[in-house]
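The values are calculated or read from the model by the stated rules, or taken from the named source; none is laboratory data. Since this is a predicted model, take the numbers as computed values, not measurements. In this analysis, Cβ positions are derived from the backbone assuming ideal geometry, glycine residues included, and neighbour counts consider all displayed protein chains. Accessible surface areas use protein heavy atoms only, side chains included; no ligands, DNA or RNA. Shrake-Rupley method; radii C 1.70, N 1.55, O 1.52, S 1.80 Å.
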Amino acid sequence: WLIPLVTVAVYTGLRGGELVALRWRDINLETRTLLVRHRAESRTKSRRDRAVPLARQAMEVLASLKREDQNALVVRGARGGSINKGYASKCFLRYRRRAGLPNEIHFHSLRHTTASWLVQGGVSLLRVKEILGHVSIQTTMRYAHLAPSNMLEEVEQAMR
């Protein structure tokens, strides 16, 4: 259960709590989107619902896990029960130590990886803000230094 969870986390940028609360009714494999819902049992940080596009890697993992019950949780523990974000984070840290990765890497680091990949791939900071559900563009601006410098191309395109 941890490998699919980590894979979906790094290819969607969802927070741990958002991932463990995700239900099948929130995923549309045909349109390759998932809906992060702000609800009583799982509050989003921004207090808003948001749609997140599914990269191919995340979609393939989710398709391999597909359940028939639309109300079922997407991520389940080894025995089929629900898990909480604390337990997922604890398991992640255990495997991080086994892999010999630096102590600075935590489950939330996967979210930073997503943001970094998006910015480095040329996705606009406003779009990254939207995907990650940041309330303020200031939060997203911490990744601005990763953006490829294509200022001249942008000016040339605008001045045609």
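Quick notes
- Helix-only [θ]222 nm of the chain, DSSP H runs n ≥ 4, -39500 (n - 2.57) each, per residue, nearest 500: -13000 deg cm²/dmol
- Charge dipole of the chain (Cα centre as origin; +1 on each Lys and Arg Cβ, -1 on each Asp and Glu Cβ, all else neutral): 780 debye, rounded to the nearest 20.
- Under 14 Å from the Cα of LYS66 - aspartates and glutamates, other chains or at least 8 residues apart: ASP26, GLU30
- Centre separation in Å (Cα based) which lies between region 20-39 and region 108-151: 22 Å
- Degrees, to the nearest 10: 109-120 long Cα axis against longest axis of the chain: 30 degrees
- Ligands, DNA and RNA left out, the accessible area of the chain computed with a 1.4 Å probe is 53% carbon and sulfur.
- Vicinal HN-Hα couplings computed from phi for region 92-99 (Karplus, 6.51 cos²θ - 1.76 cosθ + 1.60; Hz; Gly/Pro x): 4, 5, 4, 6, 4, 4, 4, 7
- Listed by chain and number, the aspartates and glutamates placed with their C-alpha closer than 15 angstrom to that of LYS129 are ASP49; residues fewer than eight positions away on the same chain are left out.
- Projecting the Cα atoms of VAL74, PRO53, GLY100 onto the dipole axis of region 43-114, where Lys and Arg carry +1 and Asp and Glu carry -1 at the beta carbon, places GLY100 farthest toward the positive end.
- A 1.4 Å probe run over the chain, with the rest of the protein chains in place, finds 62 Å² accessible per residue.
- Rounded to 10°, Cα long-axis angle of helix 2-12 versus longest principal axis of the chain: 20 degrees
- Normalised convex hull volume, the chain, alpha-carbon set, Å³ per residue: 137 Å³
- The chain: angle of helix 56-65 to the longest principal axis, Cα-based, in degrees nearest 10: 10 degrees
- Note on region 57-128: Cα-only Rg and Dmax are 15.4, 41 Å.
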